[in-house]
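Below is one structure, written out as C-alpha cells, with a few remarks after it.
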Amino acid sequence: MEHLIVLQDIYKIYQMGEESVHALDGVSFTVDEGEFVAIVGSSGSGKSTAMNIIGCLDVPTSGTYHLGGIDVSTMEDDEQAEIRNKMLGFIVQQYNLIPKLSVLENVELPLLYAGYPGEERRRRALESLERVGLADKYKNLPSQLSGGQQQRVSIARALAGEPSVILADEPTGALDSRTGREVLGFLKKLNREGDTVVLITHDNSIAVKADRIIRLQDGRILYDGDAKDPRAVVQPHEEDETEEGAAV
C-alpha cells in the first residue's frame, strides 16, 4: 500500500547572519491513510516547520515530500495552494473564523475559493456541521458561540473539502481543559470514521490521545512509535536528570 505522506531526508535550513540554523535536520517518516499521528516537541524542536512543509505552506531546503503520491517538495506557490485546497484541511488554535459571516458562510468559504457552485457548497457545509453536532447553529455568528463550538466550526470548515489529511495545529491551545478534551474527542471520532489526522502539539497530555507519536528535538526525530509506549513522552534530558538524581 502506498503511504499517504512520505517525508524523505528533509532538511530546512535558515541563514541567520553568518549562522546556518537547521530547523529540520534529515527528517524521514511516513503516514498512512486512516492514521492519527501527533508530532510533538517543545519550542524550537522543528514541529512547526514540519507542519508548514506537510501543509504545503513551505518547501524543504533539500529532501522530498510526497502527498498522495504527488511530489510537492519543489512546487511553486500557486501549485502548493491548489494542493492545499484539494487535499488538506486545517484546524488552528485561534479558529480564524470571520466575525461578520454566519457559521454556514464560514464553513463554505474554502469551498468558494476552490470554485464549488453555491448549492454544492451549502450541501457540503451543512453535512460537515452535522458531523460536529452544530447543524442547528448554521445561522449563528461566531460571537454567539462558545470557544469550543467555534473550534468545532473550524473543524467543520476543514472537513468540508473532504481533505486527504486533517492538519490540526495546537487545536486546544485557546480552550480550557474540559473543552479541549471535547475537541480532542471530536478528532478521535473523525479518525474512527476514517479521516487521517496529523496533530501538532507541545503538550504530552494531548499527544498521547493520538495512536502514534513522532517526537522532535533540535530538528531531529527522537521517537516514532506507539503513543502508549512510555518512551513516547520521556525526553532524553528528563531521563538524564532521573539518573543523576539516583546517583546522588
note = Across (1) over 19 Å from the mean Cα position of the chain (by Cα); (2) closer than 30 Å to Val208 by Cα; (3) aliphatic (A, V, I, L, M), Ala125 clears everything bar (2)
ask   = If you check Val183 against the conditions, is it out of contact with any Ser or Thr (no Cβ under 8 Å at 6 or more places or on another chain) and either of a type in the set (Val, Ile, Thr) or under 27 Å from Leu134 (Cα atoms) (or both)?
value = no
key: Pairs, first free of Cβ contacts under 8 Å to residues at least 60 places away in the same chain in the range 216-231, second surrounded by 15 or more Cβ atoms within 10 Å (Cβ to Cβ), C-beta under 6 Å, six or more apart   = Leu222/Arg215; Tyr223/Arg215; Tyr223/Ala232; Arg231/Tyr223
remark   = Within the range 217-248, restricting to residues that are modelled with pLDDT of 75 or more and part of a helix (DSSP H, G or I), the one that is surrounded by the fewest Cβ atoms within 10 Å (Cβ to Cβ) is Pro230
task = State which residue is farthest from Leu159 (Cα to Cα) when the search covers only the range 59-113 and only residues that are part of a strand (DSSP E or B) and free of Cβ contacts under 8 Å to residues at least 24 places away in the same chain.
result = Asp71
task = Report yes if Leu57 is aliphatic (A, V, I, L, M) and out of contact with any Lys or Arg (no Cβ under 9 Å at 6 or more places or on another chain), otherwise no.
result = no
message = Out of the residues in the range 211-221 meeting the condition of being of a type outside the set (D, E, K, R) and out of contact with any Ser or Thr (no Cβ under 9 Å at 6 or more places or on another chain), tell me which one is nearest to Gly180 (Cα to Cα).
response = Ile213
task = Note down all Cβ pairs under 7 Å where the first residue falls in the range 117-144 and is more than 13 Å from Ala160 (Cα to Cα), the second is open to solvent by 60 Å² or more (accessible area, probe 1.4 Å), and they're at least six residues apart or on different chains.
result = Leu141/Pro99; Pro142/Pro99; Ser143/Pro99
query = If Ala114 satisfies every condition in (1) more than 15 Å from the chain's Cα centre (by Cα); (2) at pLDDT 90 or above but one, which is the exception?
reply = (2)
message = Looking only at residues that are among the basic types (Lys, Arg) and part of a strand (DSSP E or B) in the range 183-216, which one is most open to solvent (accessible area, probe 1.4 Å)?
response = Arg212
ask   = Within the range 142-163, restricting attention to residues that are part of a loop (DSSP other than H, G, I, E, B) and open to solvent by less than 40 Å² (accessible area, probe 1.4 Å), which residue is nearest to Gly34 (Cα to Cα)?
value = Pro163
ask   = Can you find even one residue in the range 32-55 that is modelled with pLDDT of 95 or more, in a strand (DSSP E or B) and open to solvent by 40 Å² or more (accessible area, probe 1.4 Å)?
value = no
message = If I go through the range 68-97 residue by residue, how many of them are in contact with an Asp or Glu (Cβ under 8 Å, 6 or more places away or on another chain) and either open to solvent by 60 Å² or more (accessible area, probe 1.4 Å) or small (Gly, Ala, Ser) (or both)?
response = 2
request  = May I ask you to list the residues in the range 173-206 that are among the polar types (S, T, N, Q) and touching a residue at least 40 places away in the same chain (Cβ under 8 Å)?
outcome  = Asn191, Thr196, Thr201, Asn204
note = Of those in the range 13-27 that are of a type in the set (Gly, Ala, Ser) and either touching an Asp or Glu at 6+ places or on another chain (Cβ under 9 Å) or open to solvent by less than 60 Å² (accessible area, probe 1.4 Å) (or both), the residue modelled with the lowest pLDDT is Ser20
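The values are calculated or read from the model by the stated rules, or taken from the named source; none is laboratory data. Just so it is clear, the model here is predicted, and its values are computed rather than measured. Methodologically, a virtual Cβ is constructed for each residue, glycine included, from the backbone with ideal geometry; neighbour enumeration extends over all protein chains shown. Just the protein is used for accessible areas: all its heavy atoms, side chains included, with ligands, DNA and RNA removed. Shrake-Rupley method; radii C 1.70, N 1.55, O 1.52, S 1.80 Å.
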